[in-house]
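The structure under discussion appears below in the form of structure tokens.
A short reminder: the numbers here are calculations on the coordinates, not readings from a lab. On a predicted model such as this, the values are computed, not experimentally measured, just so you know. For neighbour counting, all protein chains shown are included, and Cβ atoms are generated from backbone atoms with ideal geometry for every residue, glycine included.
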């Protein structure tokens, strides 16, 4: 067993022989995907995670895309729970107004060294979070923004760190295109850098994900630069007995509550639910459950929104939650037959990983590489290009409709019904589920 907050706290404390020389940072995506993020604590869903970070003595963090999964308001509530600074220099609302209690940078002192920490959000944010959660939000250029704050902070500091949530590739681009930065502590790509990367003289660190590792860097700063840095990953083996702490008590109490609720068996799978291309049994069920729940003609689901396979046997609420961890809500909209024809031709040609139910047909590839559809039927009846059909999908897919379907959606109605709860209700209703594959379009012979 690897990971967990109790083991993280124990390992952090082992490095705090001289607390005045230790800096503890988090590179974002504290949320979501664990049942604890569904529980309200101090006015915020997932607030207990930030209370745990308070107890571990974090010094700063930057916002990750999943920290905005629930809403801007919930992010603001999380920031209030946190007793450490929230940094994100390029995440703005309006004219340089920082929207959720985040600040562009913080200056801390450790061991007589003045440290400037600049937060950075990925420019891909709009492709990672549902659009309704990003109203008014802008993500500025990381390179231009970081260089602006480097120029401001360099005279006031001895060490400059970019605390980023954009991934190792974009961290490398950032390092290559700014002057005066010393170190990048990054997240988002879940990269396990066993030793630091160095790009343009900038050290880049990243520790993976899921509290499986603690990244540790011992460094010496002299004359406004790093003269020595030794970095490593410490695996958080969970087999060590940790001493009682306030954090441990909080973790145990939450675990007891979550186990009671999420270990409940809600149905039985008579075969494996898998996500394999062409045999996506879990995706077929999830998509059809949405369609039936709102009585739509057509259901749609983005395959990558399903995060795990589930083996045959008793199905617990926890397993279903791990498969559908995001707080997506259902949405409904209408498309004409002509729009559906164009959307599915686009999807079959571009292959953006979606599943559809309620519609069937055949397709073939023209010599020029485009797709033509034949024998399209909705609800068993031939597709009428002039008729409008009711459709449903989760709000993330709706926000990314241009990428998935090749068109923008209008007059969308967002429902007060989450994707997870919709599928949970379907499982409880069906009780025993025989997995099946629903293929909407098959190659014509």
Counting only C-alpha contacts under 8 Å and six or more residues apart, can you give the relative contact order of the stretch 5-257 as a whole percent? 17 percent
Taking neighbour Cβ counts within 10 Å as the exposure measure, how do 161, 118 sort from fewest upward? 161, 118
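Run the numbers on the stretch 264-443 and let me know its relative contact order in percent, using alpha-carbon pairs under 8 Å that are six or more apart. Show your work: numbers first, answer last.
Details: 372 pairs, mean separation 65.3, N = 180.
Answer for the stretch 264-443 is 36 percent.
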Residues 237, 61, 273, 363, sorted so that the one with the fewest Cβ neighbours within 10 Å comes first: 237, 363, 273, 61
Roughly how many whole Å is it from the C-alpha centroid of the stretch 181-213 to that of the stretch 385-411? 38 Å
Expected-Rg normalisation [2.2 N^0.38 Å, Cα atoms] applied to the chain: 1.09
For 235, 370, 242, ascending order of other Cβ atoms within 10 Å (fewest first) is 370, 235, 242
What residue among 290, 206, 255 shows peak mean-square fluctuation when the chain is described by a Gaussian network model with Cα springs under 10 Å? 255
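Translational diffusion coefficient, Stokes-Einstein: compute it for the stretch 264-443 using the Kirkwood radius over C-alpha pairs as Rh, at 4 °C and 1.567 mPa s, and state it as an integer in µm² s⁻¹. Mind showing how you got there, number by number?
Details: Rh = 16.6 Å.
This corresponds to a translational diffusion coefficient of 78 µm²/s.
Calculate the FRET efficiency for residue 338 and residue 421 from the Cβ-Cβ distance with a Förster distance of 35 Å, rounded to the nearest 0.05. Mind dumping the intermediate values first?
Working: r = 34 Å, r/R0 = 0.96.
E between residue 338 and residue 421, to the nearest 0.05, is 0.55.
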The stretch 310-325 and the stretch 100-143 have their Cα centres apart by a whole-number Å value of 34 Å
Let me check the size of the stretch 23-171 from its C-alpha atoms; what are the radius of gyration and Dmax in Å? 14.9, 45
Highest GNM mean-square fluctuation among 307, 417, 366, for the chain with Cα springs under 10 Å, belongs to 366
What shape does the stretch 5-257 take by its C-alpha gyration tensor, where a ≥ b ≥ c are the square roots of the eigenvalues and a/c under 1.5 counts as rounded, a/b above b/c as prolate, and the rest as oblate? oblate
Any idea what angle helix 337-350 forms with the longest principal axis of the chain, computed on alpha-carbon atoms, 0 to 90 degrees, nearest 10? 50 degrees
Round to the nearest 10 and give me the degree value, 0 to 90, for the angle of helix 246-262's Cα axis relative to the longest principal axis of the chain. 10 degrees
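When DSSP beta bridges are limited to those with both residues in the stretch 268-425, what percentage is antiparallel, rounded to the nearest 5? Before the final figure, lay out each step's value.
Working: 27 of 29 bridges.
In the stretch 268-425, approximately 95 percent of DSSP beta bridges are antiparallel ones.
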What angle do you read, to the nearest 10 degrees and between 0 and 90, between the alpha-carbon axis of helix 72-81 and the longest principal axis of the chain? 30 degrees
